[in-house]
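The values are calculated or read from the model by the stated rules, or taken from the named source; none is laboratory data. Treat the numbers as computed from the prediction; the structure is a model and nothing was measured. Remember, those area values only see protein heavy atoms, side chains included, never the ligands or the DNA or RNA. Shrake-Rupley method; radii C 1.70, N 1.55, O 1.52, S 1.80 Å.
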Amino acid sequence: IEGFAKKLQKLQRPVFLRFAHEFDNPFYPWNLKGDDASVKFKKAWIHTYEIFKNKDAINVIWVWNPWESGNIASYYPGKEYVDWIGVNVLNYGNLNKDGTWHDFKSLYEPFHVEIGNLPSTPVIISEFGSLRKEQKQDEWFKDAFVSIQNDFNEIKSVIYFNSKVDNNWP
């Protein structure tokens with residue numbers, strides 16, 4: 001990690017780092033198990049942050065990216081360690097857990113509520129997309145941007161997500 005921090009510091013321009021993204025997603029090897037998982041995660045986040053700080057990698061923009069809104073309060077490492085909050089908003093249509101189509105607003109709203117309890121921090125939609133198969137993708141995107149503009153002032157950036165790696169095709 002120290003070598004990576006040094007390399008980023010040498011870039012001399014801002015670098016977004018989404019370290020241990022979706023830390024609460026059991027799919028990833030960095031997902032911790034047990035009753036003290038949130039405590040261990042916060043310690044790991046802060047430790048990693050401090051390594052970069054001690055290597056003068058002050059150009060790193062830290063993106064903290066939970067997977068589930070219900071874990072926001074317990075896993076949040078603190079305002080001094082988070083520059084942006086990342087949220088993944090992906091509509092998988094009939095592949096959603098409940099098998100139904102969801103608009104952006106209904107998917108993002110639980111995160112919005114929880115993030116509202118934290119210190120003011122810009123939000124980046126770090127994975128943004130909707131299935132094409134439903135033939136409603138264009139409408140979904142249009143409605144999403146209207147909702148972001150009108151309802152969610154904290155959202156400052158959006159990254160389009162398109163992947164066949166995990167058999168999810170938004």
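Quick notes on this structure:
- Rolling a 1.4 Å probe over the protein heavy atoms leaves Leu8 with an accessible area of roughly 10 Å².
- Per residue, the accessible area of segment 72-147 comes to 48 Å² when a 1.4 Å probe rolls over the protein heavy atoms.
- Based on Cα contacts under 8 Å between residues 6+ apart, the chain shows a relative contact order of 20 percent.
- Helix 37-54 axis versus longest C-alpha principal axis of the chain: approximately 60°, rounded to the nearest ten.
- Segment Asn162-Asp103, length gained on full extension (0.36 nm per residue, minus Cα span): 19.5 nm
- Only protein heavy atoms count here; on that basis, with a 1.4 Å probe, Lys33 has an accessible area of about 130 Å².
- Per residue, the convex hull spanned by the alpha carbons of segment 1-118 comes to 123 Å³.
- Accessible surface of the chain, 1.4 Å probe, proportion on carbon and sulfur as whole %: 52
- Each residue was assigned an accessible area with a 1.4 Å probe, and for His102 the value is about 50 Å².
- Accessible area, probe 1.4 Å, largest first, for residues Lys97, Lys43, Lys105: Lys97, Lys43, Lys105
- By the compact-protein rule of thumb, 2.2 N^0.38 Å, the alpha-carbon radius of gyration of segment 53-152 corresponds to a ratio of 1.21.
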